[in-house]
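Colleague: One structure, pasted below without further comment.
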Amino acid sequence: MACFTVSAVEAIAVTVAKKVVEKKELEATTTNEISEESSVHHTPLSTKLGWLTKMLWGGVFLLLIEHMWHGEVVPYFPFLTAMSSKEATMEMLHEMATVGVSMAILVTAFWGLIVLAHSVVEKKKNLEAKREA
Amino acid sequence: MCLIITACAAAITAALYFTKYSDEKYNLLMLVLMYLSASLMWSVDGIFSVIGGESFFDMSANDALLGLLVVVAGAALWAVTLIINKVKKQA
């Protein structure tokens, strides 16, 4: 019905957060607040948040197509066919609260796993680089 | 079928990304993450379908067609972002 809208709201919030973090990182590098060692590589938080925005916006885009295919999203107001009656709207809100929230949580949790795995690989590479140096 | 096709697309693009096309200029990670995320979302939908007494997979031809459309739409979006990035770099 409209389960993907929960992920869309999260995507907007993460996109804003990414922009803020990016700005702070840029300020930190221009004022030399970060001491960079040539052998140590560290993926910035904005890049990691970029992965999450890609996951969320990408998923929302593909689910939007699926909903359009099933006639649940239409190109005219109110855009969601579930908003045509009170009963259908209540059902839609229930679906958003259950399926939609679960989708957003699972995608975010999976992103967390990706970030964790990336950090482990990065740490290993940095240790090897330090040993060689 | 839509979930299966999208999951396969995610696996294929991930294999391409990790073996050959990890260069930023291809931006293939975007496509991998997009298909992966949609697969996860449809898995949740499938779990709730099972809870509601329906089957996890929809094996109809209509859903298979939707799966193909989704993969093509994802690839089209990826191609558009590639073109935009290229134009931005040239400007």
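The values are calculated or read from the model by the stated rules, or taken from the named source; none is laboratory data. Here the structure is a predicted model, which is why all the values come from computation and not from measurement. So basically every Cβ, Gly included, is an ideal-geometry build from the backbone, and we count neighbours across all protein chains shown.
Colleague: Check whether at least one residue in segment A:27-49 is modelled with pLDDT of 95 or more, buried (at least 19 other Cβ atoms within 10 Å of the Cβ) and within 15 Å of the chain's Cα centre (by Cα), and report yes or no.
Modeller: Among the residues of segment A:27-49, at least one is modelled with pLDDT of 95 or more, buried (at least 19 other Cβ atoms within 10 Å of the Cβ) and within 15 Å of the chain's Cα centre (by Cα), which makes the answer yes.
Colleague: While we're on this one: It is to be established whether one or more residues within segment A:69-83 are within 18 Å of A:Val9 (Cβ to Cβ), charged (D, E, K, R) and touching a strand residue (DSSP E or B) at 6+ places or on another chain (Cβ under 9 Å). Walk me through how you get there before you give the answer.
Modeller: Of the residues in segment A:69-83, the ones within 18 Å of A:Val9 (Cβ to Cβ) are A:72-73, A:78-80, A:82-83.
In the following step, the residues that additionally are charged (D, E, K, R) were identified as A:72.
Now drop any that are not touching a strand residue (DSSP E or B) at 6+ places or on another chain (Cβ under 9 Å), which leaves A:72.
Taking every residue of segment A:69-83 in turn, at least one turns out to be within 18 Å of A:Val9 (Cβ to Cβ), charged (D, E, K, R) and touching a strand residue (DSSP E or B) at 6+ places or on another chain (Cβ under 9 Å).
Colleague: So, one more: Going residue by residue through segment B:12-26, is there one that turns out to be part of a helix (DSSP H, G or I), exposed (fewer than 14 other Cβ atoms within 10 Å of the Cβ) and among the β-branched types (Val, Ile, Thr)?
Modeller: The initial filter retains those residues of segment B:12-26 that are part of a helix (DSSP H, G or I), namely B:12-19.
Filter again for exposed (fewer than 14 other Cβ atoms within 10 Å of the Cβ), leaving B:15, B:18-19.
Going one step further and asking which of them are among the β-branched types (Val, Ile, Thr), we end up with B:19.
Yes, some residue in segment B:12-26 is part of a helix (DSSP H, G or I), exposed (fewer than 14 other Cβ atoms within 10 Å of the Cβ) and among the β-branched types (Val, Ile, Thr).
Colleague: Within segment B:46-67, can you find the residues that are of a type outside the set (Gly, Ala, Ser) and either within 11 Å of chain A (Cβ to nearest Cβ) or within 15 Å of A:His67 (Cβ to Cβ) (or both)? It would help to see each step written out before you state the result.
Modeller: Keep residues of segment B:46-67 that are of a type outside the set (Gly, Ala, Ser), which gives B:47-48, B:50-51, B:54, B:56-59, B:62-63, B:65-66.
If the condition is that a residue be of a type outside the set (Gly, Ala, Ser) and either within 11 Å of chain A (Cβ to nearest Cβ) or within 15 Å of A:His67 (Cβ to Cβ) (or both), then B:Ile47, B:Phe48, B:Ile51, B:Asp58, B:Asn62, B:Asp63, B:Leu65, B:Leu66 are the ones that fit.
Colleague: In addition: I'd like the residue in segment B:34-91 that is of a type outside the set (A, V, I, L, M) and touching a Phe, Trp or Tyr at 6+ places or on another chain (Cβ under 7 Å) and, out of all such residues, is nearest to B:Ala9 (Cα to Cα).
Modeller: B:Gly74
Colleague: Right, something else. So, B:Leu66, is that one at pLDDT 95 or above, in contact with a Cys (Cβ under 6 Å, 6 or more places away or on another chain) and in a helix (DSSP H, G or I) or not?
Modeller: Values: at pLDDT 95 or above: yes; in contact with a Cys (Cβ under 6 Å, 6 or more places away or on another chain): yes; in a helix (DSSP H, G or I): yes.
Yes: the conditions hold for B:Leu66.
Colleague: Mind checking whether some residue in segment A:14-25 is within 14 Å of chain B (Cβ to nearest Cβ), free of Cβ contacts under 8 Å to residues at least 12 places away in the same chain and out of contact with any Pro (no Cβ under 7 Å at 6 or more places or on another chain)?
Modeller: Within segment A:14-25, none of the residues are within 14 Å of chain B (Cβ to nearest Cβ), free of Cβ contacts under 8 Å to residues at least 12 places away in the same chain and out of contact with any Pro (no Cβ under 7 Å at 6 or more places or on another chain).
Per-residue answers, yes or no, for (1) farther than 25 Å from B:Val50 by Cα; (2) not hydrophobic (A, V, I, L, M, F, W, C):
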position: A:Met83; (1), (2): yes, no
position: A:Ala88; (1), (2): no, no
position: A:Ala97; (1), (2): no, no
position: A:Glu122; (1), (2): yes, yes
position: A:Lys125; (1), (2): yes, yes
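Colleague: Additional query: Which is surrounded by fewer than 14 Cβ atoms within 10 Å (Cβ to Cβ) and either within 11 Å of another protein chain (Cβ to nearest Cβ) or assigned to a helix (DSSP H, G or I) (or both), of A:Val121, A:Val99? Give the steps one after another, and end with the answer.
Modeller: Values: A:Val99 fails: surrounded by fewer than 14 Cβ atoms within 10 Å (Cβ to Cβ).
One residue alone meets the criteria, A:Val121.
Colleague: Output the number of the condition that A:Leu116 fails; it satisfies all remaining conditions of (1) modelled with pLDDT of 95 or more; (2) surrounded by 16 or more Cβ atoms within 10 Å (Cβ to Cβ).
Modeller: (2)
Colleague: With respect to B:Ala91, determine if the residue is more than 11 Å from chain A (Cβ to nearest Cβ), surrounded by fewer than 16 Cβ atoms within 10 Å (Cβ to Cβ) and over 19 Å from A:Gly58 (Cα atoms). First the steps, then the outcome.
Modeller: Working: more than 11 Å from chain A (Cβ to nearest Cβ): yes; surrounded by fewer than 16 Cβ atoms within 10 Å (Cβ to Cβ): yes; over 19 Å from A:Gly58 (Cα atoms): yes.
Spelling it out, B:Ala91 is indeed more than 11 Å from chain A (Cβ to nearest Cβ), surrounded by fewer than 16 Cβ atoms within 10 Å (Cβ to Cβ) and over 19 Å from A:Gly58 (Cα atoms).
Colleague: Restricting to segment A:53-78, what's the tally of residues that are more than 14 Å from chain B (Cβ to nearest Cβ) and under 24 Å from B:Ser39 (Cα atoms)? First the steps, then the outcome.
Modeller: To start, the set of residues in segment A:53-78 that are more than 14 Å from chain B (Cβ to nearest Cβ) comprises A:74-78.
Pick out the ones that are also under 24 Å from B:Ser39 (Cα atoms) and you get A:74.
Number of matching residues: 1.
Colleague: Looking only at segment B:33-45, decide whether some residue is more than 10 Å from every other protein chain (Cβ to nearest Cβ) and in a helix (DSSP H, G or I).
Modeller: Residues of segment B:33-45 that are more than 10 Å from every other protein chain (Cβ to nearest Cβ), as a first pass: none.
No, there is no match, as no residue in segment B:33-45 is more than 10 Å from every other protein chain (Cβ to nearest Cβ) and in a helix (DSSP H, G or I).
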